[in-house]
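Comments concern the structure below.
Any read-out appearing in this document is the output of simple, stated calculations on the displayed coordinates, not a laboratory observation. All values reported here derive from a predicted model rather than from experimental measurement. Note that we place each Cβ from the backbone using ideal geometry, even for glycine, and neighbour counts take in every protein chain shown.
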Amino acid sequence: MTRIKGKGPEAEVKEVFATIPTSFDDLVHKAAKDNNKLQHKINVHEHALNWIRIYEESKHKQNICCRLEDCLLLGTSAAFTAIPSCRAMQIKHKQLAFRLRMQFGLKSKLGGFCEEDAFQLALAMGKQPKWRNLKHDACSDALLDTAVASNLVACREPERHFECHNGTDLSVCPDGIVILEDGTPVGFDVTFAASAASGRRTIREKRFGRGTPRDREAALKEREAVHEKTREARARGNMTQREAQEANHKIGLKVESSYHSGYEKPLALKGARFLCVCLSYMGGWRSPIGEVMDLVGHTGDEEAHHSFEERFEHPGKTWASVTHRQFSLQAVAVATVNATYRWVESEARRVLREVLNAREQERRQEVTPPVARTRRTRSEVSDDDEGDDDDDANSVGAGAAA
C-alpha cells in the first residue's frame, strides 16, 4: 500500500494498493490476460527494491533461464516475420498461439484438463524418438527446399554412399547432400538440443562420433545373448510376447547407441564437407549460421543494393525475406512451429481419450445380464418324469373301468 498526498493544504491522502507479483512467472501470466490493467495496479518506481528481488530470485530457476536464452538465439523470432506468401511460410492461428505461449512460458491451454507449461510440453517432445523425428524431418526438408531455391542440387538421405572409416561396413547417411556450383558435395545433419551445453556436445558427437568398434562388438554379443534368453523364456512360458519385444527393443537401442563413426571423416574420404545444424526447440540456431550460409547461401546476398548482379528469387519471396538467409531462417522456424504443434495436438487428443474412457468406466454401472430360460421339450423329459406319466395313465385307466 502506498499513501499519496495531493497538492494544496487541504488535499486528502489517498491510499493506493499495489499488487506485486511474487515471481517473474506470475508477472507474465498476469500480463498475458486481457484487460489486466497492470499499469494501474503496479507502481514500478516505488517498489523498485521488490522488483529487484523478484528478478534476482528468478535467475536461479533453470527452466526460466533456458527459455529466455533460447529467445535470444538467432532465428527464434523468424516465425513472426514470415509472411504467408507460400506453403513454406504458412502458420495457422492455433500454431502461432501455441508458439507465443512457448516463448512466454504460459499454460498450453489445449483443453480444460491440460494446464502444463507450453515450453515444458515442447521439451517433452524431444524425449520421444518418433515425434522428435517428425520435427527433424520437417526442418531437413525445409533446408533442402531453400537450397534448391538457391539454384543448387539437393538430395535427401543418400544411402550406401558413405561408409564408416573404421572398417565396420556401416553406412553413414546424413540428412541431406547439397551439390555446390563447383561440384563439391556438402552433407548436413539436423539435430535439436534443449540447452547450449547439450548443443555443443551433440555437435561434437555428430562430427567425430562416439564409442569404438569394440563397443559395438560387445553390444552385438550382448544382443545375441538376450535374444537367446528371450527365446528360451518364451519356450518355457516364463515371458509374454510383449515382454520379449520390449527386451529386444531395448538391446537394439543399446547396439545402435554403442558406436557411431561420425560424419566428418566418412564424408571427407569421399571428397565431401560436413555441416551440423543444431537448433533449439523454438527454431533458433545453436550452431553458427554463417558456416551454412557461406556454403549453400545465395551469392546475391553479398551484393550491394545498387548492384545489377543476380539476386535470390523465389515465388514466395516478400519484403520480409529479400535475401536467401532471411528466407532460410523463416522456413526453418515455420517448419519447427508446425511440427511442434502437430505433436502437441495429437498428444492432447490421446490424453483426452484416456480421460474420457476413465470417466466412462467410473460412471458405468455393473448390471448382471439376464439369463434366458426355455421350457423343455418332450424329448428332453427325464426318466423320473416318464415314470410319473405312466402312473398318471394307469390311474386314469382304472377310473374309466370302474
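Ranked from largest, the principal axis spans of the Cα set of the stretch 211-259 equal 37, 15, 7 Å. The slack between Arg210 and Leu38, meaning 0.36 nm per residue of separation minus the straight C-alpha distance, is 56.7 nm.
Got a sec? Charge dipole of the stretch 270-353, +1 on Cβ for Lys and Arg, -1 for Asp and Glu; which of Gly271, Ala339, Phe327 is way out at the positive end? In the stretch 270-353, that residue is Ala339.
Between amide H atoms placed 1.01 Å from N, distances below 5 Å from Phe192 occur with Leu279, all of them 5 or more places distant or on a separate chain. Each Lys and Arg Cβ is given +1 and each Asp and Glu Cβ -1; about its Cα centre, the stretch 269-328 then shows a dipole of about 360 debye.
Amide H to amide H distances under 5 Å link Phe162 with Val172, where only residues 5 or more positions off or on other chains count and H is placed in the peptide plane. Peptides 255-265, 28-38 ordered by packing proxy, namely the average of other Cβ atoms within 10 Å per residue, highest first: 255-265, 28-38.
Taking amide H atoms as placed 1.01 Å from N in the peptide plane, the amide H of Leu74 lies under 5 Å from those of Trp285, each 5 or more residues away in sequence or on another chain. Backbone phi angles across the stretch 279-291, fed through the Karplus curve with coefficients 6.51, -1.76 and 1.60 (θ = phi - 60°), yield HN-Hα couplings of 10, 8, 6, 9, x, x, 9, 7, 7, x, 6, x, 5 Hz in residue order; Gly and Pro are listed as x. Other residues lying with their Cβ under 12 Å from the Cβ of Cys173 contribute a combined charge of -3, Lys and Arg counting +1, Asp and Glu -1.
Packing, as the average of other Cβ atoms within 10 Å across residues, places the peptides 271-278, 167-174, 56-63 in the order 271-278, 167-174, 56-63, highest first. Cβ-Cβ distance of Leu269 and Val153, R₀ of 30 Å, FRET efficiency by 1/(1 + (r/R0)^6): the value works out to about 0.90. Peptides 326-336, 281-291, ordered by how many other C-beta atoms sit within 10 Å of their residues on average, highest first, read 326-336, 281-291. Rounded, prolate or oblate for the stretch 157-233? Axes are the square roots of the Cα gyration tensor eigenvalues, ordered a ≥ b ≥ c, and the cut-off for rounded is a/c under 1.5. Verdict is prolate for the stretch 157-233. With θ taken as phi - 60° and the Karplus curve 6.51 cos²θ - 1.76 cosθ + 1.60 applied, the whole-hertz 3J(HN,Hα) list for the stretch 173-185 is 10, x, 5, x, 10, 10, 9, 6, 5, 8, x, 7, x Hz, x standing for glycine and proline. For the stretch 211-259, relative contact order (Cα pairs under 8 Å, six or more residues apart, normalised by length) works out to 61 percent. When the trypsin sites (Lys or Arg not before Pro) in the stretch 121-229 are filtered for DSSP coil states and for at most 13 other beta-carbon atoms within 10 Å of their beta-carbon, the remaining sites are Lys127, Arg160.
Distance between the modelled labels on Arg87 and Lys107, one decimal in nanometres: 3.7 nm (7 Å Cα→Cβ projection).
Taking θ as phi - 60° and the Karplus parameters 6.51, -1.76 and 1.60, the scalar couplings of the stretch 328-334 work out to 5, 4, 5, 5, 5, 5, 5 Hz in sequence order, x denoting glycine and proline. Available extension along the chain between Val351 and Glu163 is 63.4 nm, counting 0.36 nm per residue and deducting the alpha carbon span.
Counting 0.36 nm for each residue step from Arg342 to Lys59 and taking away their Cα separation leaves a gain of 98.7 nm.
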